[in-house]
Amino acid sequence: MGQGEGGSVGLLLLPAWAEDAFAIQSNECGIAARDSSAFVWEIVPIEVPVGRGKPPVLIEKDESLDKMIVSLMPCNFLCDPAKLKKLRPSFKENGGTVTAGNASSISDGAAALVLVSGQKAQELGLQVLARIRGYADAAQAPELFTTTPALAKPKAMANAGLESSHVDFYEINEAFSEKINVHGGAVSLGHPLGCSGARILVTLLGCVNRNLGNPANPSFDIDT
């Protein structure tokens, strides 16, 4: 994934400062969502053993944001684009723009969803949180994979009979850095491998549950 940064960045002529600004926005959205209890609906507290003779630790909030605050705030990275600019590129030594400050951290995480037909939900008396109205996939050259969701999204909306004006919330798995990822994305919340697709859908359902918006339109990257 990191090795493909040059394709989309070069095609879209994205400057490094724009990627850093996006990362700052993602972190600020994540912290604001955490502080306003936006994640309470979607997080199940769990007890984690920490060692022999020690009581388990209760995990009831996203630790990625705390780690981000601890590691970045003392140096004011979160509020100072000039400090972010000084970080070394992670993949391309010369001309690279993806750094540890504007890319997602690898994190632990799990998410669960129950997908049933409308008939089965009615038979079991289940409370339906959302209905899938359309879906689509897309593909293009490997070096342009980060922009592929932009090709799939209009196809999915057309499949569902929707237009962009009908959609209140988008969730996109932006493993690299108003309607989109309103509670922060992978840059701030982390990138739990193998769990990203379910995680962003649960977060999207939380947005709809809290805001009673129009049909939501989730989009996830090829690595989910």
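Residues checked against (1) within 25 Å of Ile46 (Cβ to Cβ); (2) acidic (Asp, Glu):
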| residue | (1), (2) |
| --- | --- |
| Ile106 | yes, no |
| Leu129 | yes, no |
| Pro142 | no, no |
| Pro154 | no, no |
| His166 | no, no |
| Glu174 | no, yes |
| Ser188 | yes, no |
Inset, instruction - For the range 26-52, name all the residues that are part of a loop (DSSP other than H, G, I, E, B) and under 13 Å from Gly206 (Cβ atoms). - result: Ser36, Ser37, Ala38, Phe39, Ile43, Val44
Inset, instruction - Run Pro55 past the list (1) in a helix (DSSP H, G or I); (2) at pLDDT 85 or above and report the number of the one that doesn't hold. - result: (1)
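This table checks each residue for (1) of a type in the set (Lys, Arg); (2) crowded, with 16+ Cβ neighbours inside 10 Å; (3) at pLDDT below 85; (4) not in a helix (DSSP H, G or I).
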{"site": "Arg88", "(1), (2), (3), (4)": "yes, no, yes, yes"}
{"site": "Gly96", "(1), (2), (3), (4)": "no, yes, yes, yes"}
{"site": "Thr99", "(1), (2), (3), (4)": "no, yes, yes, yes"}
{"site": "Leu113", "(1), (2), (3), (4)": "no, no, no, yes"}
{"site": "Gln122", "(1), (2), (3), (4)": "no, no, no, no"}
{"site": "Leu126", "(1), (2), (3), (4)": "no, no, no, yes"}
{"site": "Arg133", "(1), (2), (3), (4)": "yes, no, no, yes"}
{"site": "Leu144", "(1), (2), (3), (4)": "no, yes, yes, no"}
{"site": "Ala158", "(1), (2), (3), (4)": "no, no, no, no"}
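The values are calculated or read from the model by the stated rules, or taken from the named source; none is laboratory data. Note that the structure is a prediction, hence the values are computed from the model and not measured. Cβ atoms come from the backbone with ideal geometry, glycine included; neighbour counts cover every protein chain shown.
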